[in-house]
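Asks: Quick one: the structure is below, and I'll ask about it shortly.
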Amino acid sequence: MNSFLRMILNIFLWPKKRRSKSRLVSKDGRCNIEFGNVEEQSRLAFLADIWTTILDLRWRYKMTVFISAFLGSWFLFGLLWYAVAYLHKDLPEFNPPINHTPCVENINGMTSSFLFSLETQVTIGYGFRCVTEQCGMAIFLLIIQSILGVIINSFMCGAILAKISRPKKRGKTITFSKYAVISKRAGKLCLLIRVANLRKSLLIGGHIYGKLMKTTVTPEGETIILDQVNIEFIVDAGNENLFFVSPLTIYHVIDKTSPFFEMSSDTLMQHEFELVVFLDGTVEATSATCQVRTSYTPDEVFWGYRFAPIVSKTKEGKYRIDFSNFSKTVEVNTPHCAFCLYNEKEARTKANKGYDNPSFVLTEQNEPNDTKM
């Protein structure tokens, strides 16, 4: 009966839970943001920067633009070729004489005009239809269509090639751990995240950093939504120019300057924040700059855990990476909060040190002899 009631509650409360876990950056790096009330001039700026607009389109829209550009140009010039034949009275309905020389040979209607437009723009040149030297209008139209055809081909083919080779696809082979953990590392309380490169090709000049997104209220009473706080991550080998040949564990030291310093294992879930982690680097194969990002909410941060080992060495001398343990965590003994850890260290330091009291005076007292003979 209890399980049935729990299931009913989950059905009705699930949409509310889902709304409460809305995040700015999804786990795969996409930004959950919407622009509203954009001015018309700003929208026209997207058309001015048509190259970036085409690159940012999804594949289905890009292919629609690609097909529409070619079909539209073929049909438009087909109409123009039909108009040239109509004005020069080359069509069969005008009953041209036997010695009549048309502007374009073998154009009999709209269908043949469209076919000739297609042959001209894609340079097929079957030879059955061709431009004669009878009228300069047809020669001028042939030049214009040839130039515009080259421009359209170059633009659309370049856009598709750039879309395929964008470093955004390279970022799909960089993965972060599903969870972040908080535990002791080198005697300090740290927040740890694991990141791995699934390809053998490296990211050159890699750099890792983070942003903590939360809602803050200024002393003046202003509420700032998505206020950004810098989070510095450290790698034992250095956080600049990472040697990204194997999975790395990056960590953030929770000290007095860290926004996590005031949190504890009991109050972590009560805070509303989103930790966004970025990895910037240069793709070795294409020399293009790549950025990979992910985010963590309070329910994805485990206090008192560490990551399970992932790297081992085989008998053949090769290093083996077991990705089944990539996001697996192990519970460890961890202080309740960062403040507790620092107080414990200070207590140990004071216990190991002696302190002189200048006002202390040693006096000797003779004990009375109460022994009676």
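Asks: Could you report the accessible area of VAL311 in Å², rounded to 10, computed with a 1.4 Å probe on the protein chains as they sit in the structure?
Replies: 80
Asks: To the nearest 10 square angstrom, how much accessible area does GLU220 have with a 1.4 angstrom probe?
Replies: Accessible area of GLU220: about 150 Å².
Asks: At a 1.4 Å probe, what is the % contribution of carbon and sulfur to the accessible area of segment 234-342?
Replies: Details: 3060 of 6050 Å².
Carbon and sulfur together cover 51 percent of it.
Asks: Run the accessible area of segment 117-196 with a 1.4 Å probe and give the carbon-and-sulfur part as a rounded percent.
Replies: Roughly 66 percent of what the probe reaches on segment 117-196 is carbon or sulfur.
Asks: Give LYS172/LYS200; LYS27/LYS168; LYS188/LYS313; LYS169/LYS200; LYS62/LYS169 a once-over and call out the pairs whose C-alpha atoms are over 21 Å from each other.
Replies: Going by Cα-Cα distance, LYS188/LYS313 fall outside the 21 Å limit.
Asks: Now, a different point. Under 5 Å between amide hydrogens, which residues at least 5 positions from TYR305 or on another chain qualify, with H placed 1.01 Å from N in the peptide plane?
Replies: ILE182, VAL332
Asks: Taking H placed 1.01 Å from N in the peptide plane, check which residues at least 5 places from ILE231 or on another chain put their amide H under 5 Å from its amide H.
Replies: GLY210, LYS211, LEU212
Asks: What number comes out for the charge environment of ASP56, summing +1 per Lys or Arg and -1 per Asp or Glu over other residues with Cβ under 11 Å away?
Replies: My count for the surroundings of ASP56 gives +4.
Asks: Volume per residue, Å³, of the convex hull around the alpha-carbon atoms of segment 140-297?
Replies: Roughly 174 Å³ of hull volume per residue.
Asks: State to the nearest 20 debye the size of the charge dipole of segment 182-231 about its Cα centre, where the only charges are +1 on K and R beta carbons and -1 on D and E beta carbons.
Replies: Numbers: 8 positive and 3 negative charges, 132 e Å.
My answer is approximately 640 debye.
Asks: Run the 1.4 Å probe and let me know the accessible area of LYS211, rounded to the nearest 10 Å².
Replies: Approximately 50 Å² of LYS211 is accessible to the 1.4 Å probe.
Asks: Relative contact order (percent) for segment 93-186, with alpha-carbon contacts under 8 angstrom and 6 or more residues of separation? Could you put the intermediate results ahead of the total?
Replies: On the way: 41 pairs, mean separation 23.0, N = 94.
This gives 24 percent for segment 93-186.
Asks: Using θ = phi - 60° and the Karplus relation 6.51 cos²θ - 1.76 cosθ + 1.60, list the HN-Hα couplings for segment 89-94 in order, rounded to whole Hz, with x at every Gly or Pro.
Replies: Computed from phi, the couplings for segment 89-94 are 6, 9, 6, x, 5, 8 Hz.
Asks: Rounded if a/c is under 1.5, else prolate if a/b beats b/c, else oblate: with a ≥ b ≥ c from the C-alpha gyration tensor eigenvalues square-rooted, which is segment 86-173?
Replies: Prolate shape, in that a/c is at least 1.5 and a/b is the bigger ratio.
The values are calculated or read from the model by the stated rules, or taken from the named source; none is laboratory data. Bear in mind that the values here come from a model prediction, so they are computed numbers and not experimental data. Please note: Cβ atoms are built from the backbone with ideal geometry, for glycine as well, and neighbour counts cover all protein chains shown. Accessible surface areas use protein heavy atoms only, side chains included; no ligands, DNA or RNA. Shrake-Rupley method; radii C 1.70, N 1.55, O 1.52, S 1.80 Å.
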